[in-house]
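Asker: Structure incoming, see below.
The values are calculated or read from the model by the stated rules, or taken from the named source; none is laboratory data. Please read these numbers as outputs of a predicted model, since none were measured by experiment. Because the Cβ atoms are built from the backbone with ideal geometry, glycine has one as well, and the counts that use them run over all protein chains shown. Ligands, DNA and RNA are stripped out before the accessible areas are found, and what is left, the full protein with its side chains, is counted by its heavy atoms. Shrake-Rupley method; radii C 1.70, N 1.55, O 1.52, S 1.80 Å.
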Amino acid sequence: MARLAGKIILVTGAASGLGAAMSTKFIAEGARVLLTDINAVGAAAKAAELGANAASFGHDVTDPAQWEAALAYAEETFGGLHILVNNAGIYRGGPVADWSLADIDATLAVNVRAVVLASQAAAAH
């Protein structure tokens, strides 16, 4: 099927796991996908595996400037953006009672703040 033919999708956290699996499926459905991840090498490897309809971008989702850069790259590479998948997320492990303030701040920055930043930046495109 080609249910996503002509669509351009940006997937965060796409170097592995669920983000990589979604990217694979989206391309199989006819989309062009920008795989972003803080693991730029992993995102590039997965994009290379997926072929010409995939591209990668090393991307810290907690940085507003990097959101603008990622969206500009999607525009330059594929001509725009139709769908945003806010997949990036972290879990520090262990009981929450044992988390440091740095663990809490990092988790909130990636799992909450970045989703809002992404949505704000993508809405402008």
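Asker: Compute a Gaussian network model of the chain, connecting alpha carbons closer than 10 Å, and tell me which residue from Ala69, Ala47, Ala14 fluctuates the most.
Answerer: Fluctuation is largest for Ala69.
Asker: In degrees from 0 to 90, rounded to the nearest 10, what is the angle of the helix 64-78 Cα long axis to the longest principal axis of the chain?
Answerer: 10
Asker: Give the dimensionless ratio obtained when the Cα radius of gyration of the chain is divided by 2.2 N^0.38 Å. List each step's numbers first, then the result.
Answerer: On the way: Rg = 14.7 Å, N = 125, 2.2 N^0.38 = 13.8 Å.
Taking N as the residue count of the chain, the ratio is 1.07.
Asker: Given charges of +1 on the Cβ of Lys and Arg and -1 on the Cβ of Asp and Glu, with all other atoms neutral, how large is the dipole of the chain about its Cα centre, in debye to the nearest 20?
Answerer: Roughly 460 debye, rounded to the nearest 20.
Asker: Put +1 on the Cβ of each Lys and Arg and -1 on the Cβ of each Asp and Glu in the stretch 24-125; which of Thr36, Ala47, Ala65 then has its Cα farthest toward the positive end of the dipole?
Answerer: Ala47
Asker: In whole percent, how big is the carbon plus sulfur part of the accessible area of the chain, probe 1.4 Å, protein atoms only? Spell out each step's value before the answer.
Answerer: Numbers: 3770 of 6390 Å².
Heavy-atom surface of the chain belonging to carbon and sulfur, 1.4 Å probe: 59 percent.
Asker: If you don't mind, another one. What is the list of residues in the stretch 64-102 whose amide nitrogen lies under 13 Å from a point 7 angstrom out from the Cα of Leu108, following Cα to Cβ?
Answerer: Output list for this probe position: 100-102.
Asker: Return the FRET efficiency for the residue pair Ala45, Glu76: r is the Cβ-Cβ distance, R0 is 22 Å, and the value is rounded to the nearest 0.05.
Answerer: Computed FRET efficiency for Ala45 and Glu76: 0.55.
Asker: Could you report the chain's accessible area per residue, 1.4 Å probe, as an integer in Å²? Before the final figure, lay out each step's value.
Answerer: Numbers: 6390 Å² over 125 residues.
Value for the chain: 51 Å² per residue.
Asker: From the gyration tensor of the Cα coordinates in the stretch 20-79, what semi-axes in whole Å does the equivalent ellipsoid have, largest first, with each one equal to sqrt(5λ)?
Answerer: Working: eigenvalues 71, 34, 16 Å².
Ellipsoid half-lengths, sorted descending, are 19, 13, 9 Å.
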